[in-house]
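Notes follow once the structure below has been shown.
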Amino acid sequence: MLRQRLASAAILVPVVVAVFLLGRPWIDALLVAVGALAAWETFALLRAAGYRGLARYGTVLAAGLVLAGSAPANWPGGPSGSVAGPGLGLLALGSMLAGAAAFSFPEPRDGLGAWVATAFGAGYVGLLGFAARLLVFAPAIPAGAALAGLDGDRGWLLVLIGGVWSYYSFAYAFGRAFGRRRFLQHISPSKTYAGLFGGLAGAVVVSGFILGGLGRSPLEGVPVGLLVGLAAQAGDLAESMLKRAAGAKDSGHLIPGHGGMLDRIDSFLFAAPVLAGYLALVAR
């Protein structure tokens, strides 16, 4: 298992780094592809849990929601549209069309279930569109900052990635070393308070380091690291709840040793909207 995980990481990490360095539109394309794969796995889990949605339609809708996150900041939604972009309108339209498609089910109870599952599955994975939104309305990086070469968009995407990854790296280390008391064992039996607090500390430190490179105060890493870390943990637990309901250990088998695509991005689905909201309300 460890050998599989290392081999997969050796292939995937260089690809992610290369796309990150290339910038847009490559990042947008990768996010849409990842969203489509994760959505397909989500609908498989929902089906296993007894909630049969319109999987093909929902997957396309989810990919569209991710793509909508990359819409220009001056899209026709008005000044407040820079935060959500056109995704909210697309989700509303997509949900209505899913409801209309559910009319064809002979049993209204089945139709209602398909409608709810389709709207939920697409909207859940569509949260990844907020990662694309960071590329649109992130503030500019001062010319003298250490990471000025990334521009504002990729700089804040790096905050998101670094915050989430550092949270889990530190949570794993602290959990193994000091983990005794556990929480929410009915959802994920391996989560410990030591891992939670260790992960938050790591997210604060790494976020502060990156923010310092973006020309901002490293002390801003405290609210950013706490928000991103807590949201990442909530995202992981949300997917664990879905997998438990489906009786599945992983969301899929796409990545040897790592499970499915949803397993890799579950934390970002909650952390990306939180960081986007922080940018819109506080940091701009």
For the range 36-52, check the following and say yes or no: at least one residue is at pLDDT 95 or above and farther than 22 Å from Ala245 by Cβ. yes
If you go through Tyr172, Tyr167, the only one that is crowded, with 18+ Cβ neighbours inside 10 Å, among the hydroxyl-bearing types (Ser, Thr, Tyr) and out of contact with any His (no Cβ under 7 Å at 6 or more places or on another chain) is Tyr167
Could you check Lys191 against (1) under 21 Å from Leu262 (Cα atoms); (2) surrounded by fewer than 19 Cβ atoms within 10 Å (Cβ to Cβ) and say which number it fails? (2)
Flagged in the range 100-119 as of a type in the set (Phe, Trp, Tyr) and surrounded by fewer than 18 Cβ atoms within 10 Å (Cβ to Cβ), in numbering order, are Phe103, Phe105
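Residue by residue, here is whether (1) buried (at least 18 other Cβ atoms within 10 Å of the Cβ); (2) part of a helix (DSSP H, G or I); (3) without any contact (Cβ under 8 Å) to a residue 24 or more places away in the chain holds:
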| residue | (1), (2), (3) |
| --- | --- |
| Val15 | no, yes, yes |
| Ala29 | no, yes, yes |
| Gly58 | yes, yes, no |
| Ser70 | yes, no, no |
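The values are calculated or read from the model by the stated rules, or taken from the named source; none is laboratory data. On a predicted model such as this, the values are computed, not experimentally measured, just so you know. For neighbour counting, all protein chains shown are included, and Cβ atoms are generated from backbone atoms with ideal geometry for every residue, glycine included.
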